[in-house]
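What follows draws every value from the coordinates through simple rules; no lab data is involved. Just so you know, these numbers come straight off a predicted model, no measurement behind them. Neighbour counts run over all protein chains shown; Cβ positions are idealised from the backbone, glycine included.
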Amino acid sequence: MRRFFLFVVMIAAAVTALKLLNWMPMSMEQGGIRKYRTIDDVRTELGIKNIALPAYFPQHLRWPPSDIFAQVKPFPLVIIHFTDRDTGEIVLSVRQADSRDTAPLPLRLVQEHVDRQNSVTIKGRKALLMFGSCPDGMACNSITWQEQGFTYTVVEKGPTEELLKVAESMVSG
């Protein structure tokens, strides 16, 4: 019985040591990109307070977001994906990155081909609207602008009018 008890104590010590070793890199890294359950978790855990969310939310989208990724190092970044209510397919991606970001991380919704682009103005901010298609050949448009030290990119699979309404609802002022 004594050997069994000693064996259980040794196993418990080994498991505790392994958990501690697994936890150490995450605690030292603090802020590397990872997945979060809610926007509030990102605000609380990373201290990113100004997360731009669309005030205009098309009815075909499902709330809450399907994915939320964020980081604070090497620069603040938040990526949010929304799915279609009926198909479950990702149809809207919002990327908010510090303007110092020189190597954008890919979204799960990617505009593979750009057919044309236009400069547009959204509430006084210059933006670049790009018309194109996703890898599956469906229409996929994006809009990018800068505001308050961040670069915002919204990619939507669907009509340009919806994309513009979503983007306009995210711009402050």
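Loop only by DSSP, 14 or fewer other Cβ within 10 Å of the Cβ. Give me the chymotrypsin sites (Phe, Trp or Tyr not before Pro) in region 39-124 that pass, ordered by residue number. Could you put the intermediate results ahead of the total?
Details: sites: 56, 69, 82; in loops: 56.
When the chymotrypsin sites (Phe, Trp or Tyr not before Pro) of region 39-124 are filtered for loop state and at most 14 Cβ neighbours within 10 Å, 56 remain.
Just need log10 I(q)/I(0) for region 34-170 at q = 0.12, 0.20 Å⁻¹, Debye formula, equal scatterers on the alpha-carbon atoms, no solvent, rounded to two decimals.
Ignoring solvent entirely, the Cα scatterers give -0.44, -1.29.
Skipping prolines and chain starts, which residues have an amide H placed within reach, meaning under 5 Å, of the one on residue 67, given they are 5 or more residues away or on another chain?
81
What trypsin sites (Lys or Arg not before Pro) in region 29-99 are in a loop by DSSP, with at most 16 other Cβ atoms within 10 Å of the Cβ?
Answer by residue number: 37, 49, 62, 85.
Starting from the Cα coordinates of region 70-119, work out the convex hull volume and express it per residue in Å³.
Details: hull volume 5.8 nm³, N = 50.
So the per-residue Cα hull volume is 117 Å³.
Got a sec to turn the phi values of region 167-172 into Karplus ³J(HN,Hα) couplings, 6.51 cos²θ - 1.76 cosθ + 1.60 with θ = phi - 60°, whole Hz, x for Gly and Pro?
Running phi through 6.51 cos²θ - 1.76 cosθ + 1.60 with θ = phi - 60° gives 4, 4, 6, 8, 6, 6 Hz.
Based on the alpha-carbon set only, what is the convex hull volume of region 81-155 divided per residue, in Å³? Before the final figure, lay out the partial values.
Numbers: hull volume 7.7 nm³, N = 75.
Spelled out: Cα convex hull of region 81-155, divided by residues, is 103 Å³.
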